[in-house]
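Enquirer: Structure below; questions to follow.
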Amino acid sequence: MNYTNLIIDGVTLDGKNLVDPDAGKYVLSNNNGTTIIKNNSSIIAAIDGVAFDADKQDSYGDVSVIVENSNVFGEIVKGS
C-alpha cells in the first residue's frame, strides 16, 4: 500500500505469483498522493488479480496515478 507520493521509474512489479487469498490480489494499492509509473516500468498482475488501484481514503488527501511510457497488465480499479 502506498500512502504518499511515489515514483516507479524503470521498475517491474511482478505480481504473477500473488495467489494466496490472505495476501490479497493487488500488486500496488494507492491511497494518498500521486504515483507516477514511468520509463518502461511494468506492473503485472496474476490471473484474476489487480495491477493497481487508486482509492482515496477519508482521512487522507486526493489520490492519482500517472502512467508514462510504461505497461500495465491486469485490472485497474478506481475507488471512491
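Enquirer: Outside any loop (DSSP other than H, G, I, E, B) and open to solvent by 70 Å² or more (accessible area, probe 1.4 Å) - does that describe any residue in the stretch 39-60? Walk me through how you get there before you give the answer.
Expert: Step one: filter the stretch 39-60 for residues outside any loop (DSSP other than H, G, I, E, B), giving 42-45, 50-54.
Those left that are additionally open to solvent by 70 Å² or more (accessible area, probe 1.4 Å): none.
No.
Enquirer: Collect the residues in the stretch 1-22 that are aliphatic (A, V, I, L, M) and under 19 Å from Lys56 (Cβ atoms), keeping them in residue-number order.
Expert: Initially, the stretch 1-22 is screened for residues aliphatic (A, V, I, L, M), giving 1, 6-8, 11, 13, 18-19.
Once the filter is applied, which keeps residues that are aliphatic (A, V, I, L, M) and under 19 Å from Lys56 (Cβ atoms), the stretch 1-22 yields Met1, Leu6.
Enquirer: Further question: Within the stretch 9-33, can you find the residues that are under 22 Å from Gly79 (Cβ atoms), at pLDDT below 95 and either open to solvent by 40 Å² or more (accessible area, probe 1.4 Å) or hydroxyl-bearing (Ser, Thr, Tyr) (or both)?
Expert: Selection gives Leu18, Pro21, Asp22, Ala23, Lys25, Tyr26, Ser29.
Enquirer: How about the stretch 68-80: which of its residues are hydrophobic (A, V, I, L, M, F, W, C) and open to solvent by less than 70 Å² (accessible area, probe 1.4 Å)? Before you say what the answer is, go through the steps one by one.
Expert: Going residue by residue through the stretch 68-80, those that are hydrophobic (A, V, I, L, M, F, W, C) are 72-73, 76-77.
Once the filter is applied, which keeps residues that are hydrophobic (A, V, I, L, M, F, W, C) and open to solvent by less than 70 Å² (accessible area, probe 1.4 Å), the stretch 68-80 yields Val72, Val77.
Enquirer: Further, regarding this structure: If I filter the stretch 6-24 for residues that are assigned to a loop (DSSP other than H, G, I, E, B), under 11 Å from the mean Cα position of the chain (by Cα) and without any contact (Cβ under 8 Å) to a residue 60 or more places away in the chain, do I get at least one hit? So that I can check it myself, show each step before the final result.
Expert: Taking the stretch 6-24 and keeping what is assigned to a loop (DSSP other than H, G, I, E, B), we get 10-11, 16-24.
Keeping just the survivors that are under 11 Å from the mean Cα position of the chain (by Cα) gives none.
No, the stretch 6-24 contains no residue that is assigned to a loop (DSSP other than H, G, I, E, B), under 11 Å from the mean Cα position of the chain (by Cα) and without any contact (Cβ under 8 Å) to a residue 60 or more places away in the chain.
The values are calculated or read from the model by the stated rules, or taken from the named source; none is laboratory data. Please read all numbers here as calculations on a predicted model, not as lab measurements. Glycine also receives a Cβ, built like all others from the backbone with ideal geometry; neighbour counts cover every protein chain displayed. All accessible areas refer to the heavy atoms of the entire protein, side chains included, with ligands and DNA or RNA removed. Shrake-Rupley method; radii C 1.70, N 1.55, O 1.52, S 1.80 Å.
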